[in-house]
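Written out below as structure tokens is the structure these notes cover.
The values are calculated or read from the model by the stated rules, or taken from the named source; none is laboratory data. Please read these numbers as outputs of a predicted model, since none were measured by experiment. Here Cβ is always computed from backbone atoms with ideal geometry, including for glycine, and neighbour counts include all displayed protein chains.
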Amino acid sequence: MRMALAQINPVIGDFAGNAQKICDHIHKARAAKSDLVIFPEMALLGYPPRDLLDRKSFVENSKRFWPRIQEASGGIGVICGVVTDNQQSFGKPYHNSAFFFHDGSLLATFHKKLLPSYDVFDEERYFEPGSSVSWIDFKGERLGITICEDFWNVPEFLPRTLYHCDPLCPLEQASIGTLINISASPYHLGKVEWVSQLLRRHAKRFKSDVVYVNQVGGNDELLFRGHSMVCDEKGKLVACGADFREDLIFYDSGGVKGDINGGPMDPAEEVLQALVMGLKDYAAKCGFKSAVIGLSGGIDSALVASIARLALGSENLVGVGMPGPYNAPESLQDSIQLAQSLGIRFHEVPIERLFSMACDSLSPVFSGLPHDATEENIQARLRGLILMAFSNKFGSLLLSTGNKSEMAVGYCTLYGDMNGGLAVLGDVPKTLAYRMAEKINERYGWIPQRTITRPPSAELKPNQTDQDTLPPYEVLDGILAAYVEQGMSTQEIIAQGWEPQTVRWVVDCVDNNEYKRWQAPPILRVTTKAFGTGRRNPIAHRYREGRMI
């Protein structure tokens, strides 16, 4: 059987656009003499629609486009992710489903059985689980049809064994020839190898080909890599879709090798491509044609500007330099050089006079009190005000430039450098940001070398560097990875060899700055635990890790 894997980039709620894209890929697959074309989970609606599913009209309107896809299936089989009604008198109102069309008819409907409700997932909120995973005989071959999580209830592949059943067991007894999984599986760094291992495991278990079709693109904070795959019955990769872009690949079952368009990447390259895709989709799907970035002369703003240049094009970007009383001349020089290298417009808007006026206005109240973080934050907030003015006046998306290391410990200013419509680096540790900047320069040479080699500084007081306040970033990022991403306790982190006082300081900072992160822009997720919907900590609480209160 000749199969086509259509990893598409749907827009949530754009039923007409998504249906047209699905039909276009059906026509291409049929023209390539495919017997079957397979689309991702919820391909018609886009994933995840979240509380749009609470609007009855949302699902009802999606149904209007079922006939269009059904009609397009003339002469070819089509598997497509949809949302259907729960026909029972109890339970949640909908099923997360897959339709199997052929020759203008609906042959079968399959419902997702395992509904994840951990990390970024919340499917039990909306969906009733299907009763069982099933199969269909098509073109002389028995196909097992599964939807995303139905595939994952395997030891070592989930945080723990979360479900009481393995929905794939009936497929073992059915002697299927090909196991198919349609997915909208969010990206994080290193996930592809994890999925590859899962596919190999299932291929050997079922002694059959395993076909995995994954959504691609960015929907809010969640990124989807694509990288759809086919493994043969021996667990060998025989077809692979492209990374971070739409693709239509073909595979002939029975041991014939298919298209291989994706491949391994080093972490810096992988995250760079993910963020370029995520920013491009966020801007397009939200209706932004341009972006504005505050250029400080530092590594983070230079990296964000480079990513934006790749995602949106130089003609759609504006950089703003805002020198203040404590900025070194090199900072403005490097910002101007960066803007020239990127080919973007640049404006210089000094803040010294605004800062002086703000301090003069507050002097009657602050008289006799020493300068401290208050005055530092006034500078950051003046810059935030100016950038928001650019955003408002020109309808541009303001990109905040803070990285994960800073946001984790609160080394950022509310209503200042945290201003923005999207936090491009909010899930990128500082040490990884440096590696990504070096990757940019290897390829394009855009970032001034001095920006990379100078000690990082907020430049909000004389001779300030980040390490006046923070541990070295190699130390900070190691502790943060253990605490935030791996969920280790203070004692477990200390047992790894980190200095105890530093560990406690970092952990306290993370816990004490939750209120800031609740007010941050959406953060593009690239690690296993970003500051977003996958990490839902309260602000008002008295639990402190490693301490009895």
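Against the conditions (1) modelled with pLDDT under 95; (2) surrounded by fewer than 20 Cβ atoms within 10 Å (Cβ to Cβ); (3) within 16 Å of F224 (Cα to Cα), where does E246 fall short? Just the number, please.
Of the numbered conditions (1) modelled with pLDDT under 95; (2) surrounded by fewer than 20 Cβ atoms within 10 Å (Cβ to Cβ); (3) within 16 Å of F224 (Cα to Cα), the odd one out for E246 is (1).
Which of (1) more than 21 Å from G217 (Cβ to Cβ); (2) buried (at least 24 other Cβ atoms within 10 Å of the Cβ); (3) of a type in the set (F, W, Y) is the odd one out, the single condition F39 does not satisfy?
(1)
On the given criteria, is P364 more than 22 Å from P521 (Cβ to Cβ) and either touching a Pro at 6+ places or on another chain (Cβ under 6 Å) or in a loop (DSSP other than H, G, I, E, B) (or both)?
For P364, the condition - more than 22 Å from P521 (Cβ to Cβ) and either touching a Pro at 6+ places or on another chain (Cβ under 6 Å) or in a loop (DSSP other than H, G, I, E, B) (or both) - is not met.
Would you mention how many residues in the stretch 272-313 are free of Cβ contacts under 8 Å to residues at least 24 places away in the same chain, of a type in the set (A, V, I, L, M, F, W, C) and not in a helix (DSSP H, G or I)?
Number satisfying all stated conditions: 0.
In the list G478, G426, which residue meets the criterion of being in a loop (DSSP other than H, G, I, E, B) and either among the hydroxyl-bearing types (S, T, Y) or assigned by TED's automatic domain parsing to the domain that holds I299 (or both)?
Answer to the selection: G426.
Of (1) surrounded by fewer than 16 Cβ atoms within 10 Å (Cβ to Cβ); (2) outside any helix (DSSP H, G or I), Y515 satisfies all except one. Which?
Evaluating Y515 over (1) surrounded by fewer than 16 Cβ atoms within 10 Å (Cβ to Cβ); (2) outside any helix (DSSP H, G or I) leaves (2) as the failure.
Pull out all pairs, ordered by first then second residue, where Cβ-Cβ is under 7 Å, the residues are six or more apart or on different chains, the first lies in the stretch 150-164 and is in the same structural domain as E41 (by TED's automatic domain parsing) and under 20 Å from E128 (Cα atoms), and the second is β-branched (V, I, T) and buried (at least 18 other Cβ atoms within 10 Å of the Cβ).
D150/V133
Could you grab me the full set of residues in the stretch 481-493 that are under 16 Å from A530 (Cα atoms) and either over 27 Å from the mean Cα position of the chain (by Cα) or in a loop (DSSP other than H, G, I, E, B) (or both)?
Q486, G487, M488
Which residue is nearest to the chain's Cα centre (by Cα), if the candidates are limited to the stretch 441-479 and must be of a type in the set (D, E) and on the phi < 0 side of the Ramachandran plot?
In this case the residue turns out to be D477.
One residue is enough: does the stretch 255-271 have a residue meeting the conditions of a type in the set (D, E, K, R) and in a strand (DSSP E or B)?
Taking every residue of the stretch 255-271 in turn, none turns out to be of a type in the set (D, E, K, R) and in a strand (DSSP E or B).
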